1. Just wondering, is there one or more residues in segment A:400-413 that are touching a Phe, Trp or Tyr at 6+ places or on another chain (Cβ under 8 Å) and either surrounded by 17 or more Cβ atoms within 10 Å (Cβ to Cβ) or of a type outside the set (A, V, I, L, M) (or both)?
2. How many residues does segment A:261-277 hold that are over 15 Å from A:His40 (Cα atoms) and in contact (Cβ under 8 Å) with a residue 60 or more places away in the chain?
3. Of the residues A:Gly86, A:Gly73, only one is modelled with pLDDT of 95 or more, surrounded by fewer than 24 Cβ atoms within 10 Å (Cβ to Cβ) and touching a helix residue (DSSP H, G or I) at 6+ places or on another chain (Cβ under 6 Å); which?
4. Identify, from the list A:Val383, A:Val334, the residue that is away from chain B (no Cβ under 12 Å), among the hydrophobic types (A, V, I, L, M, F, W, C) and within 27 Å of A:Thr176 (Cβ to Cβ).
5. Hey, can you tell me all the residues within segment B:1-12 that are more than 17 Å from B:Leu112 (Cβ to Cβ) and buried (at least 16 other Cβ atoms within 10 Å of the Cβ)?
6. Which count do you get for residues in segment A:205-241 that are in a helix (DSSP H, G or I) and within 14 Å of chain B (Cβ to nearest Cβ)?
7. Return the pairs, sorted by first residue and then second, in which the second residue is aliphatic (A, V, I, L, M) and in a helix (DSSP H, G or I), the first residue lies in segment A:55-84 and is under 19 Å from A:Val159 (Cα atoms) and without any contact (Cβ under 8 Å) to a residue 24 or more places away in the chain, the beta carbons are less than 9 Å apart, and the residues are 6+ apart or on different chains.
8. Restricting to segment B:28-60, and then to whatever is within 15 Å of A:Gly293 (Cβ to Cβ) and of a type outside the set (Phe, Trp, Tyr), can you tell me which residue is surrounded by the most Cβ atoms within 10 Å (Cβ to Cβ)?
Amino acid sequence: MKKSLILTLAGASLIAPVQAFAAPDAETAFIFNSLSFLVHGFIVMLMAAGFCMLEVGLVRSKNATVQSTKNIGLYSIAGLMYWLVGYNLMYMDVSGYIGSLAIWAPDDSAVITDAGYVGDSAGYSASSDWFFQMVFVAAAASIVSGAVAERVKLTTFLVFSAILTGIIYPIQGSWTWGGGWLSEMGFSDFAGSTIVHSVGGWAALTGAIIIGARKGKFGDDGSIRPMPGSNLPLATIGTFVLWFGWFGFNGGSQLAMGSAADVAAIANIFVNTNIAAAAGVVVAIIATALLYGKIDLTMALNGALGGLVAITAEPLAPTPLLAAFIGGVGSLLVVFSVPMLDRLKIDDVVGAIPVHLVSGIWGTIAVCFSTDASLIVQLIGIVSIGAFVVITSSLVWYALKALMGLRPSEDEELSGLDASECGLESYPDFIRQA
Amino acid sequence: MKYIITIIQPSRLEPLQDALAGLGIDGMTVSEVQGYGRQKGKTEIYRGTEYSVNFLPKIKVECAVDSKLAESVIETIRETCSSGRIGDGKIFTMDLSDAMRIRTGETGLSAL
């Protein structure tokens, strides 16, 4: 099959010397564009599993059931909210600051008619775009669940996720990817270091502060009590799964696969994404070995993710060397931010704030190293989205505190949320630690 | 009869089992415990914060023996489980007033 195709093209090139390469027709481009959204999209979907593994592995076993429930719950809620409210609030008739209130429905009738495909080569299936964007908003929501683990009420958290995915994320998304005021200013965030990761990070920060730390984590005398995770191999596998998912996350953000240039771009994106993560791991290994005399696996995992978040704002333009630098610096910021949060008495169970917020800000700034994006505009985007999410998420946390309560009782927290909120142990056959 | 409770390093359990079998002791109860004595604990570091782990994993071995055998059992345990380092463990000997085999109702030495 391949041989005859090559011979045909070779023959065609002899007859028509004007065009050496046959560009794909519009319908073929439509197919590949849609395929890119779908395949990259379901790869990103697996990040929901990755987050779940990472978070469950880093909490104590008495909270593993609740953490698992939070993860599958928020992914599902995100998927429904984005259909009912979020997508159109982010993309439909964006007026600069906000989209429209309407339930989304699939509709390719403008480009697929009885006459076949009548669109251009930049087209894609409407549902494929919805699907791809949906898995992104789910990623943003799951960032919050790790930071506030082990002391937030399950139901309260799920309600927060619904509001984050249905309203907060889509509105700031409309400013950028929806074509609103920030994108008009030239704000550049390829796959979402700010739009996805920092948004999750800010909401995680306000949550961690307003909900408060786990009981016993910080002493009045300034002491910090570590609460080691229950399953580090699971956390490691979760990190690998997230790393894998990131190829979909960054690669699919090319938003097209209908030409050789697009596919080459996606390939470069995969390369830079991997190198940034790898640099993140190595930097974290070296840094923790130097700082603490021992390599900290959990920091190496955070380092990989910090590198991935950092490259997410611009995974295409950098050279591999620059990608390694961006990823490495992101990881270094994470390694120093983790103990700094502890000193500030902000209890972030999994390091979500250093990884997604701190490294997300760095990644958004680092865009200026490889493109002609304006640093001022990048900063405007970082600050305006940050302010918006801090204010709205804080309001929601406080409202939920008044209406539903944010935390379980102290006894429930000590005996483990699995017992009090789910009545279901994760490891009933194993002896439990206090 | 005597009831002997021994706290040993986990790595010595299998050699101890073999050594006691050689004496004719073919039953024991083993549990995973944590404890410390002069060995104290150790310092670990998690995400930049140091903390002390005061309890170390140990194995507790319990067996009921004929009083006449008790001394040789204790000596065997000591030989098998001693490495010369702090943390080897301890042997406690208690008087056992009676024992019963559940299946048959036998008591006394024939229950052991």
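The values are calculated or read from the model by the stated rules, or taken from the named source; none is laboratory data. All values derive from a computational prediction rather than experimental measurement. Cβ: placed from backbone, ideal geometry, glycine included. Neighbour counts: every protein chain shown.
1. Yes, because at least one residue in segment A:400-413 is touching a Phe, Trp or Tyr at 6+ places or on another chain (Cβ under 8 Å) and either surrounded by 17 or more Cβ atoms within 10 Å (Cβ to Cβ) or of a type outside the set (A, V, I, L, M) (or both).
2. 0
3. The conditions single out A:Gly73.
4. A:Val383
5. Answer for segment B:1-12, where residues must be more than 17 Å from B:Leu112 (Cβ to Cβ) and buried (at least 16 other Cβ atoms within 10 Å of the Cβ): B:Ile7, B:Ile8, B:Gln9, B:Arg12.
6. 2
7. Listed by first residue and then by second, the contacts come to A:Ser76/A:Ala138; A:Leu80/A:Ala162.
8. Residue satisfying both the conditions and the ranking: B:Arg47.
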